[in-house]
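What follows is a set of notes on a single structure, which appears directly below.
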Amino acid sequence: MRFAKRYGDVGETKSDGVTYTPRALADFVADRIVATKHLPSGRAVRVLDPAVGHGELLLALLSRLDGPVEVHGFETDAEALAEARQRIAAAHPGARLNLRLGSFLDHVLDDFTGGLFGAAEPYDLIIANPPYVRTQIIGADRAQQLAQQFGLTGRVDLYHAFLLGMATVLAPDGAAGFIVSNRFMTTKGGASVRAGMIRGLKLLEVYDLGDTKLFDVAVLPAVIIARGTGAEPAKPSFSSIYETRAEPTHSATNPLSALGLEGVVKLPDGRAFLVQHGSLDNGGDPAGIWRLASDGVESWLATVDANTWGTFGYIGKIRVGIKTCADKVFLPKRWDRELELLRPLTTHHTARRFRPEPPNRQVLYPHHTVDGRKRAVDLAQFPASRAYLEEHRQTLEGRSYVIEAGRQWYEIWVPQNPGDWPAPKLVFRDISEQPTFWMDLEGTVVNGDCYWLTGEEELLWLAMGVANSTFIERFYDRRFNNKLYAGRRRFITQYVEQFPLPDPESSVARQIVAACRDLYAAIEDGPQPEAEHRVDELVWSAFGLPVEEV
């Protein structure tokens, strides 16, 4: 999939699934580039789009430039490139066109970083909406190759390589505007990209366009405006816009015009968005996550830090649940027989805040602990389970990587530590609008659609109260700046391990633990909104803050 430059209104698509950039967004990016440009004198301006498509971004930028222009571009779709060439030539007959059928990344590697005759001439202006293609689509071999060529780490996306490639080819006094997925700003996989952009560019403006739905694809876009390394250093600005249920105080015609305001802005279609402005903060670490900083946010976080004893990571290691790579064998929806190795299974289907619904699934779990080490069980001791697994032996042996790793053919690929399952566990969902953390006291096995944490029980009760509070929603948004559509958040290890804990010996922390224990017991009889509200108030108090509406 590619959310790349294309003409027409939001949602215009081709049969192959390509979604075209709306003209309003192309105009916005072009305007921001022109506002920061420092053009050369005495020669033509060299303009680049590394993934031309039908030329919409180039047309938007060229319409804002005067004087001689060289237009450079790359595209792997011959039909799209031909249309782009025709459109640009008709609109700007004086421009010199050098639009090539081929890969921009090859151009970077051949002509800038590995050429026999030195680096090619850099570009004065770059406007781009590079291809958005994740590792699963481009393939592991190609992803590994890109990682080696461009110094990428973690889960590689094609646009990661494009961003670093564009930083390489931008002239020191040049200006650039990129439309990309906002994921790289906050994920571990984007760390090398963030570091590369901090070192290879002078960032000026960051716009997190959040869940504005400017594209008809499940991508939350961002716009990056930058200068080349020769520009004067400046503190980059950071603006964000996300849908909210709060009462609006302003109105605008569309999400992009709403960026000129601050606060809650209502659109003609009835949606309301929270628009915030500040500066880019990465904690002083080139690879650090990008978040919006302002005086108010920094003061709020400073208060939290002053009242923080430790983090969830202090309790223990946060893990994802088991991964069988053969779910139909190990955890079918229903079992038609009794097997010795069946264990109750926690999945997101039984998720509920504080106390889960009773488990309704079972997993065949052929692992145990011997002398403190994880081992596969001896199937000879479990004849019914052995017979069942033998029925599915061909399927299980088809997981060749299990056997190649020196494991038994009937093992679960990622079983986690069998010795941890009986202990109290704090379990939570990956993606949810409202934090959904619960205590597992039933010794269940946790499936791979949930995360879990085990450790000192009192700290787990305290962590559950903090994690289910509106305070943690506010903390998440201000510390990590990473929300999905419809206000949902991703509760993954790199974020949750940084959630704060108040001093467990403090009076308010002890009250939180006691309230959570009582709430856990009471929920069996039905929802307990008043008790949940009491826990919420205690958590805000524990961090020295008044309760806020979230």
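The values are calculated or read from the model by the stated rules, or taken from the named source; none is laboratory data. Everything numeric here is computed off the predicted structure, so don't read it as measured data. Quick reminder, even Gly has a Cβ in these numbers, built from the backbone with ideal geometry, and neighbours come from all protein chains shown. These accessible areas exclude ligands, DNA and RNA; they are computed on the full protein's heavy atoms, side chains included. Shrake-Rupley method; radii C 1.70, N 1.55, O 1.52, S 1.80 Å.
Take R199 and tell me if it is surrounded by fewer than 16 Cβ atoms within 10 Å (Cβ to Cβ) and closer than 23 Å to A147 by Cβ.
Working: surrounded by fewer than 16 Cβ atoms within 10 Å (Cβ to Cβ): yes; closer than 23 Å to A147 by Cβ: yes.
Here the answer is yes, as R199 does meet what is asked.
Find all pairs meeting these conditions: Cβ atoms under 8 angstrom apart; at least six residues apart or on different chains; first residue within region 429-441 and within 16 Å of E357 (Cβ to Cβ); second residue open to solvent by 40 Å² or more (accessible area, probe 1.4 Å).
What qualifies is R429/H348; R429/D449; S432/R488; T436/R352; T436/R429; W438/R352; W438/R355; M439/R355.
Quick check on region 253-264. Is at least one of its residues in a strand (DSSP E or B), closer than 29 Å to F150 by Cβ and in contact with a strand residue (DSSP E or B) (Cβ under 9 Å, 6 or more places away or on another chain)? Before the answer, list the steps.
Start the filter on region 253-264 by keeping residues that are in a strand (DSSP E or B), which leaves 263-264.
Restricting the remaining residues to those that are closer than 29 Å to F150 by Cβ gives none.
So far as region 253-264 goes, no, none of its residues is in a strand (DSSP E or B), closer than 29 Å to F150 by Cβ and in contact with a strand residue (DSSP E or B) (Cβ under 9 Å, 6 or more places away or on another chain).
If you go through region 501-519 one residue at a time, do you hit one that is under 30 Å from V219 (Cα atoms) and out of contact with any strand residue (DSSP E or B) (no Cβ under 7 Å at 6 or more places or on another chain)?
Pass one, region 501-519, residues under 30 Å from V219 (Cα atoms): none.
Checking region 501-519: not a single residue is under 30 Å from V219 (Cα atoms) and out of contact with any strand residue (DSSP E or B) (no Cβ under 7 Å at 6 or more places or on another chain).
Can you pull out every residue in region 240-265 that is out of contact with any Gly (no Cβ under 8 Å at 6 or more places or on another chain) and among the polar types (S, T, N, Q)?
Within region 240-265, S251, T253, N254, S257 meet the criteria.
Is it the case, given these coordinates, that V496 is among the β-branched types (V, I, T), out of contact with any His (no Cβ under 6 Å at 6 or more places or on another chain), open to solvent by 70 Å² or more (accessible area, probe 1.4 Å) and within 30 Å of Y207 (Cα to Cα)? Give the derivation first.
Numbers: among the β-branched types (V, I, T): yes; out of contact with any His (no Cβ under 6 Å at 6 or more places or on another chain): yes; open to solvent by 70 Å² or more (accessible area, probe 1.4 Å): no; within 30 Å of Y207 (Cα to Cα): yes.
Taking the combined requirement at face value, the residue does not satisfy it.
Checking the conditions here, which among W438, W452 is at pLDDT 95 or above, over 14 Å from D420 (Cβ atoms), touching a strand residue (DSSP E or B) at 6+ places or on another chain (Cβ under 7 Å) and open to solvent by less than 10 Å² (accessible area, probe 1.4 Å)? Steps first, please.
Numbers: W452 fails: over 14 Å from D420 (Cβ atoms).
The conditions single out W438.
When the residues of region 413-437 are filtered to those that are assigned to a strand (DSSP E or B) and in contact with an Asp or Glu (Cβ under 7 Å, 6 or more places away or on another chain), which remaining residue is farthest from C325 (Cα to Cα)?
So the residue we want is K425.
Among the residues of region 419-435, what is the count of those that are in contact with a helix residue (DSSP H, G or I) (Cβ under 6 Å, 6 or more places away or on another chain) and among the acidic types (D, E)?
Pass one, region 419-435, residues in contact with a helix residue (DSSP H, G or I) (Cβ under 6 Å, 6 or more places away or on another chain): 424, 426, 429, 433, 435.
This time we only want the ones that are among the acidic types (D, E), so: 433.
Residues in region 419-435 being in contact with a helix residue (DSSP H, G or I) (Cβ under 6 Å, 6 or more places away or on another chain) and among the acidic types (D, E): 1 in total.
Touching an Asp or Glu at 6+ places or on another chain (Cβ under 7 Å), modelled with pLDDT of 80 or more and open to solvent by 20 Å² or more (accessible area, probe 1.4 Å), is that true of A120? It would help to see each step written out before you state the result.
Details: touching an Asp or Glu at 6+ places or on another chain (Cβ under 7 Å): yes; modelled with pLDDT of 80 or more: yes; open to solvent by 20 Å² or more (accessible area, probe 1.4 Å): yes.
Yes.
How about region 204-219: which of its residues are at pLDDT 90 or above and open to solvent by 10 Å² or more (accessible area, probe 1.4 Å)?
L204, E205, Y207
Only one residue in V363, V402 is open to solvent by less than 40 Å² (accessible area, probe 1.4 Å), part of a strand (DSSP E or B) and of a type in the set (A, V, I, L, M), so which one is that? Outline the logic, then answer.
Details: V402 fails: part of a strand (DSSP E or B).
The match here is V363.
For residues that are surrounded by 19 or more Cβ atoms within 10 Å (Cβ to Cβ) and either closer than 19 Å to G487 by Cβ or touching a Pro at 6+ places or on another chain (Cβ under 7 Å) (or both), scanning just region 220-238, find the one that is modelled with the lowest pLDDT. Give the derivation first.
At the first step, the residues of region 220-238 found to be surrounded by 19 or more Cβ atoms within 10 Å (Cβ to Cβ) are 220-228, 236, 238.
Of the ones still in play, those that are also either closer than 19 Å to G487 by Cβ or touching a Pro at 6+ places or on another chain (Cβ under 7 Å) (or both) are 220-222, 228.
Numbers: L220: 88, P221: 92, A222: 95, G228: 94.
Applying the filter and picking the extreme gives L220.
Return yes or no: is L57 in a helix (DSSP H, G or I), surrounded by 15 or more Cβ atoms within 10 Å (Cβ to Cβ) and modelled with pLDDT of 95 or more?
Values: in a helix (DSSP H, G or I): yes; surrounded by 15 or more Cβ atoms within 10 Å (Cβ to Cβ): yes; modelled with pLDDT of 95 or more: yes.
Answer is yes for this residue.
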